[in-house]
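The values are calculated or read from the model by the stated rules, or taken from the named source; none is laboratory data. Since the structure is predicted, the reported quantities are computational estimates derived from the model, not experimental observations. Backbone-built Cβ (ideal geometry, glycine too); neighbour counts: all protein chains shown. Accessible surface is based on the protein model in full, side chains and every heavy atom, while ligands, DNA and RNA are left aside. Shrake-Rupley method; radii C 1.70, N 1.55, O 1.52, S 1.80 Å.
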Amino acid sequence: MCGIVAYIGEQEAYPIILKGLKRLEYRGYDSAGVALLNGNINLYKKKGKVSKLEEFAHDKELKATVGIGHTRWATHGPPNDENAHPHLSGDEFYAIIHNGIIENYDALKKELTKRGHQFKSDTDTEVLIHLIEDIRKAEDCDMVEAVRIALNEVIGAYAIVILDKTNPDRLIAARNSSPLVVGIGDGEFFVASDATPIVEYTKNVVYLEDGEIAVLEKGKDIKISTIKNQAVTPYIQELEMNLEAIEKGGYEHFMLKEIYEQPTSIRNSMLGRLNPRTGLITMGGIEEYESKFLNAKRIIFVACGTSWHSALVGEYMIEDLARIPVEVEYASEFRYRNPIIDENDIVIAISQSGETADTLAALKLAKEKGAMIYGICNVVGSSIARETDAGSYTHAGPEIGVASTKAFTAQITILALIALTLANKKGSISKSRYTNLVNQLNNVPNLVETVLKINDKVKYISELYKDARNFLYLGRGYNFPVALEGALKLKEISYIHAEGYPAAEMKHGPIALIDEEMPVVAIATRKGSYDKVVSNIQEVKARNGKIIAIVTEGDETVKEMADHVIEIPETEEFLDPLISVIPLQLLSYHIAVMRGCNVDQPRNLAKSVTVE
Ligand code: G6P
């Protein structure tokens with residue numbers, strides 16, 4: 001987490017950095033700061049969001065054509081002005097911004113303290129810049145060399161940019177396990193944690209690889225080398241992102257915009273893969289490793305958060321349609337429990353950001369153990385996308401709201417495409433069923449458009465329940481992961497305690513919580529275990545719980561028992577999650593807005609979790 005931005009060139013650096021930090025706030029928003037170099041280093045840091053920094057800095061000296069900025073998600077030390085980045089070296093010649101964690105900072109700090117260094121903050125980052133300063137003095141070497149030596153001494157994850165008062169025309173950037181993109185303009189450079197602060201200035205970017213150091217000198221070409229001092233030829237790529245995709249476009253919040261983008265993001269995720277004319281699906285990554293997939297002993301999904309929920313949907317789909325055994329693992333558990341994996345396994349990581357530290361580590365472990373590794377990521381060029389043998393991008397476009405919405409449905413779309421491709425190749429479903437299911441999948445964006453029209457009704461229900469203290473979400477089969485996702489959405493952004501449960505498990509615990517105060521969201525579409533969910537609804541009603549039911553259009557049975565029904569269009573059972581999740585996203589959105597919560601940046605959360 002944490003977002004970093006830097007600029008060096010002929011333009012005013014501060015407005016570029018400030019705008020960039022606002023774009024990166026999804027990565028952390030407990031404090032922010034900038035260091036601007038104009039003869040001296042002017043350092044401004046403030047606890048709170050980037051807007052607090054902006055208020056604080058507006059009457060200060062902001063003139064500079066070189067600068068670095070940071071928005072923080074605290075790891076070492078509480079959020080306060082002092083712990084905010086940038087951090088200065090002891091002699092105040094150098095300033096650093098850092099995203100990641102220096103794991104051996106404590107030992108380094110003790111050593112440096114013995115040598116007379118004094119620290120102003122509790123951060124690991126300040127230790128790193130002091131270490132660099134110390135090496136530069138001790139070795140009497142150039143700054144790039146000092147950075148290289150220091151990075152060989154540190155253990156941990158970092159994306160850093162260093163500003164040097166003694167060499168005002170040069171920034172030094174480096175990465176290991178935390179993302180860093182360099183935008184290449186005309187004699188100028190932009191550096192950021194992702195491409196969103198860069199896209200409006202240049203489309204030419206270099207994604208730094210782990211263990212690389214970039215030297216960015218005003219008016220010169222980018223120079224890259226490794227921390228082992230090997231020169232690297234920069235691979236300059238063209239960004240495909242456009243500016244509109246990262247702006248609110250008239251919506252009050254990014255989350256609402258992203259909910260409404262789902263017909264398009266689902267369509268885009270199928271584009272070039274599902275051919276509606278021939279009724280065939282082509283998935284590049286799957287074709288490339290076809291025999292591996294068809295002979296796989298099992299598929300293991302590793303993911304976190306919302307992506308873990310879509311993995312559960314993927315498990316149901318692939319086992320149901322393609323008849324390949326599937327397991328779903330929390331990446332954080334998988335990586336530390338000595339799992340049994342071999343070359344006959346396929347490990348699929350699902351990650352919107354492609355940067356989640358636990359998911360990345362789980363993937364690396366699976367690779368070491370010989371499994372083929374596949375990625376389903378949204379962010380192009382992200383660490384997970386680059387680590388995998390093959391993969392499929394979700395094409396949802398940038399997701400900025402911290403609570404994931406369109407990335408979830410795009411992931412499920414990709415999983416549906418994979419399940420159908422494998423089922424067709426294995427012959428585990430008939431040709432006619434395959435064709436029928438492909439057509440139904442192709443129609444999903446239209447159904448999502450229809451279901452979005454129920455927004456006003458969901459808003460009305462939200463008003464009635466916005467003050468509830470607990471919520472229970474129930475679903476079965478394909479809708480069980482949707483119940484988990486509905487509960488997660490609500491707790492993430494409205495801070496109401498919510499639990500998702502497989503409906504039948506209710507009687508083994510949560511039923512004890514039910515009384516007239518307890519709203520229960522029951523997903524009871526007319527497929528699969530419909531009758532059983534109806535019985536669960538009756539059990540809730542018998543205990544005076546309030547039922548908000550998600551039902552298939554025209555359902556009369558549930559209407560008679562539920563307090564509220566939200567009707568959604570009928571589709572094939574395996575595609576239900578793509579439709580049934582929409583009202584749950586809207587419900588959590590409206591409740592959070594009505595409770596005055598910060599929907600796009602909920603407290604304590606960050607969108608890209610690059611720490612364990
Ligand atoms: C964070 C985000 C969630 C996301 C999870 C996994 O917790 O707030 O929205 O689902 O990380 O992120 P990933 O980028 O790997 O999908």
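At-a-glance table
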{"item": "One residue from Glu200, Glu139 being surrounded by fewer than 22 Cβ atoms within 10 Å (Cβ to Cβ) and within 28 Å of the chain's Cα centre (by Cα)", "result": "Glu200"}
{"item": "Checklist (1) open to solvent by less than 60 Å² (accessible area, probe 1.4 Å); (2) closer than 23 Å to Ala396 by Cα; (3) touching an Asp or Glu at 6+ places or on another chain (Cβ under 7 Å) applied to Ile224, failing item", "result": "(2)"}
{"item": "Which listed residue, of Lys49, Lys60, is modelled with pLDDT under 95 and open to solvent by 30 Å² or more (accessible area, probe 1.4 Å)", "result": "Lys49"}
{"item": "Sole exception among (1) over 23 Å from Phe254 (Cβ atoms); (2) more than 16 Å from the ligand (Cβ to nearest atom); (3) surrounded by 24 or more Cβ atoms within 10 Å (Cβ to Cβ) for Leu415, by number", "result": "(2)"}
{"item": "Some residue of segment 3-10 being out of contact with any Leu (no Cβ under 8 Å at 6 or more places or on another chain), buried (at least 23 other Cβ atoms within 10 Å of the Cβ), aromatic (Phe, Trp, Tyr) and under 20 Å from Lys165 (Cα atoms)", "result": "yes"}
{"item": "Filter result (open to solvent by 60 Å² or more (accessible area, probe 1.4 Å), assigned to a helix (DSSP H, G or I) and within 24 Å of Pro276 (Cβ to Cβ)) within segment 444-456", "result": "Asn446, Glu449"}
{"item": "Condition met for Thr610 (farther than 20 Å from Ala498 by Cβ and modelled with pLDDT under 90)", "result": "yes"}
{"item": "Complete set of residues in segment 13-39 that are of a type in the set (D, E, K, R) and either surrounded by fewer than 23 Cβ atoms within 10 Å (Cβ to Cβ) or in contact with a Gly (Cβ under 6 Å, 6 or more places away or on another chain) (or both)", "result": "Lys19, Lys22, Glu25, Arg27, Asp30"}
{"item": "Selected residue (criterion: nearest to Gly477 (Cα to Cα)) from residues of segment 309-325 that are away from the ligand (no atom under 14 Å from the Cβ) and open to solvent by 10 Å² or more (accessible area, probe 1.4 Å)", "result": "Tyr316"}
{"item": "Residues within segment 344-399 that are more than 11 Å from the ligand (Cβ to nearest atom), assigned to a loop (DSSP other than H, G, I, E, B) and of a type in the set (D, E, K, R), tallied", "result": "2"}
{"item": "Selected residue (only one of Glu492, Glu463, Glu485 is within 23 Å of the chain's Cα centre (by Cα) and open to solvent by 10 Å² or more (accessible area, probe 1.4 Å))", "result": "Glu492"}
{"item": "Contacts under 6 angstrom Cβ, first residue in segment 494-515 being of a type in the set (A, V, I, L, M), partner open to solvent by 60 Å² or more (accessible area, probe 1.4 Å), 6 or more apart", "result": "Ala498/Lys491; Ala503/Arg476; Ile514/Arg543"}
{"item": "Hits in segment 457-491 (condition: under 25 Å from Leu575 (Cβ atoms), outside any loop (DSSP other than H, G, I, E, B) and not hydrophobic (A, V, I, L, M, F, W, C))", "result": "Lys457, Tyr473, Gly475, Gly477, Tyr478, Asn479, Pro481, Glu485, Gly486, Lys489"}
{"item": "Answer from Ala192, Ala159, Ala214 - the residue that is modelled with pLDDT of 95 or more and under 25 Å from Asp106 (Cα atoms)", "result": "Ala159"}
{"item": "Within segment 72-123, considering residues that are open to solvent by 20 Å² or more (accessible area, probe 1.4 Å) and of a type in the set (Lys, Arg), the one nearest to Leu18 (Cα to Cα)", "result": "Lys120"}
{"item": "Matching residues in segment 364-409 - criterion: being touching a Ser or Thr at 6+ places or on another chain (Cβ under 7 Å), of a type in the set (Phe, Trp, Tyr) and closer than 21 Å to Ser177 by Cα", "result": "Tyr374"}
{"item": "Options Val565, Val551, Val609, Val558: the member that is within 29 Å of the chain's Cα centre (by Cα) and either in contact (Cβ under 8 Å) with a residue 60 or more places away in the chain or more than 16 Å from the ligand (Cβ to nearest atom) (or both)", "result": "Val609"}
{"item": "Residue list for segment 286-306, restricted to those being open to solvent by 10 Å² or more (accessible area, probe 1.4 Å) and in a helix (DSSP H, G or I)", "result": "Glu287, Glu288, Glu290, Ser291, Lys292, Leu294, Gly305, Thr306"}
{"item": "Any hit, segment 293-308, residues being within 16 Å of the ligand (Cβ to nearest atom) and touching a Lys or Arg at 6+ places or on another chain (Cβ under 9 Å)", "result": "yes"}
{"item": "Residue count for segment 147-172, restricted to those that are of a type outside the set (D, E, K, R) and in a strand (DSSP E or B)", "result": "10"}
{"item": "Residue within segment 577-590 that is aliphatic (A, V, I, L, M) and within 16 Å of the ligand (Cβ to nearest atom) present", "result": "yes"}
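Condition check ((1) of a type in the set (Lys, Arg); (2) closer than 24 Å to Leu53 by Cα; (3) part of a helix (DSSP H, G or I)) across all residues:
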| position | (1), (2), (3) |
| --- | --- |
| Thr71 | no, yes, no |
| Asp106 | no, no, yes |
| Thr125 | no, yes, yes |
| Glu145 | no, no, yes |
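So that you can scan it fast, the table gives a plain yes or no per residue for (1) touching a Cys at 6+ places or on another chain (Cβ under 7 Å); (2) open to solvent by less than 10 Å² (accessible area, probe 1.4 Å); (3) of a type outside the set (Lys, Arg); (4) closer than 11 Å to Ser462 by Cβ:
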site	(1), (2), (3), (4)
Glu539	no, no, yes, no
Thr552	no, yes, yes, no
His564	no, no, yes, yes
Glu572	no, no, yes, no
Leu575	no, yes, yes, no
Ile582	no, yes, yes, no
Gln585	no, yes, yes, no
Met594	no, no, yes, yes
